[in-house]
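The values are calculated or read from the model by the stated rules, or taken from the named source; none is laboratory data. Everything quoted here is computed from the prediction, not taken from an experiment. Here the Cβ positions follow ideal geometry from the backbone for every residue, glycine too, while neighbour counts run over all protein chains shown.
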Amino acid sequence: MNIFKKTIISVLASLFIIGNVYADKIKIGTEGAYPPWNSKDASGKLIGFEVELAWTLCRYIGQQCEVVEQDWDGMIPALLMRKFDAIMAGMSITDERLKVINFSQGYADEVAQLAVMKGSDLEGMDTPSGINLSIGGSDVKKALKTIEGALAGKTVCVQTATIHQNFLESGDVGSVNVRTYKTQDEVNLDLTSGRCDVALAAAVAFTDYAEKSGKDVVLVGPTFSGGAFGNGVGVGIRKGGSGAIGERDAKLLKDFNKAIDQARKNGDISRIAIKWFGFDASM
């Protein structure tokens, strides 16, 4: 086969792939185990804030979507392997992740907080109500020092490969005894069973669990934002490479950004957030 024929076949193959993805369905990966961001109902159907938002954004884009389940720790590798086209899984926009993938603009804030069982000696921790690690300052340093002292000798449980694990291992609160778990459900179970002294995750993940389980889970300390916690939650997209497939990924990023703008303007993100979180977490 000569070079000209090979080139024609390569171009046609690329166009065929692009046509299939956009003409068929946009596949969106989510964990399905991080309620109320994303989870499954009793029948196994994917539900949650991001699942409903995904359908809404796809309507604005004008394409059909399929939301598929993927384990959290394999989420970015699966995106890069083209198992799906985008990530909507409570994934915060961080500098480290931006080295590997692109993100849309943020569509929601994920405020993190420590959680303990009622009666813990960590209740009543004397800190500000919230700290932004990107801003810093003496108040933030003082709060981090207080948290460092409070966590000394404690076992802190967290889901693996998350911003929460990154923060605990950053040294900002000293040397912490961190225990990691594959899912947030496992973190919640070990917290309530006493195998963890304290846990760190999105505050709403704990309040949702407490409400549904009836367990006496209590939020303590400040809410965390900025720094290792990123700049909101966005849609993860592959970085646009060369050729037609790269152009397709770049177009998808542009389309999601435009759809988020429209959904925000029309109040859809706020409405869906209030439905699933009980408050407006939209950005």
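Miscellaneous remarks
- Asp190 surrounded by 17 or more Cβ atoms within 10 Å (Cβ to Cβ), acidic (Asp, Glu) and over 18 Å from Ser92 (Cβ atoms): no
- Residues of region 211-222 that are part of a strand (DSSP E or B) and either closer than 9 Å to Gln113 by Cβ or not β-branched (Val, Ile, Thr) (or both): Leu219, Val220, Gly221, Pro222.
- Condition check for Ser242: among the hydroxyl-bearing types (Ser, Thr, Tyr) and modelled with pLDDT of 95 or more: no
- Test: residue in region 19-27 that is within 24 Å of Ile237 (Cβ to Cβ), surrounded by 12 or more Cβ atoms within 10 Å (Cβ to Cβ) and at pLDDT 95 or above: yes
- When Lys83, Lys118, Lys99 are checked against the criterion of being surrounded by fewer than 18 Cβ atoms within 10 Å (Cβ to Cβ), free of Cβ contacts under 8 Å to residues at least 24 places away in the same chain and not acidic (Asp, Glu), a single residue qualifies: Lys99.
- Put simply, of Ala199, Ala210, Ala203, Ala228 the only residue that is under 24 Å from Gly278 (Cβ atoms) and surrounded by 20 or more Cβ atoms within 10 Å (Cβ to Cβ) is Ala199.
- Within region 37-80, being within 16 Å of Ile260 (Cβ to Cβ), polar (S, T, N, Q) and either part of a loop (DSSP other than H, G, I, E, B) or free of Cβ contacts under 8 Å to residues at least 24 places away in the same chain (or both) holds for one residue alone: Gln63.
- Listed by first and then second residue, the pairs linking a residue in region 267-283 that is more than 13 Å from Asp109 (Cα to Cα) to a residue that is not in a helix (DSSP H, G or I), with Cβ atoms under 6 Å apart and 6 or more places separating them unless they lie on different chains, are Trp276/Pro36.
- Cβ pairs under 6 Å, 6+ apart, first in region 150-179 and farther than 11 Å from Ala201 by Cα, second surrounded by fewer than 22 Cβ atoms within 10 Å (Cβ to Cβ) and among the basic types (Lys, Arg): Thr155/Arg179
- Close contacts from region 193-214, counting a first residue that is closer than 17 Å to Gly48 by Cα and polar (S, T, N, Q) and a second that is in a strand (DSSP E or B) and at pLDDT 95 or above, with Cβ to Cβ under 8 Å and a gap of 6+ residues or different chains, come to Thr207/Val217; Thr207/Leu219.
- Cys58 being crowded, with 21+ Cβ neighbours inside 10 Å, touching a Cys at 6+ places or on another chain (Cβ under 6 Å) and of a type outside the set (Phe, Trp, Tyr): yes
- Candidates Leu98, Leu46: the one that is touching a strand residue (DSSP E or B) at 6+ places or on another chain (Cβ under 7 Å), at negative phi and of a type outside the set (S, T, N, Q) is Leu46.
- Failed condition for Gly241, given (1) part of a helix (DSSP H, G or I); (2) without any contact (Cβ under 8 Å) to a residue 60 or more places away in the chain: (1)
- Taking region 244-283 as the range and being outside any helix (DSSP H, G or I) and within 20 Å of the chain's Cα centre (by Cα) as the test, the residues that pass are Gly278, Phe279, Asp280, Ala281, Ser282, Met283.
- Test: residue in region 166-183 that is surrounded by 22 or more Cβ atoms within 10 Å (Cβ to Cβ), of a type in the set (Gly, Ala, Ser) and either more than 28 Å from Phe279 (Cα to Cα) or over 15 Å from the mean Cα position of the chain (by Cα) (or both): no
- Selection from region 223-238 of residues that are assigned to a strand (DSSP E or B) and of a type in the set (A, V, I, L, M, F, W, C): Phe224, Val233, Ile237
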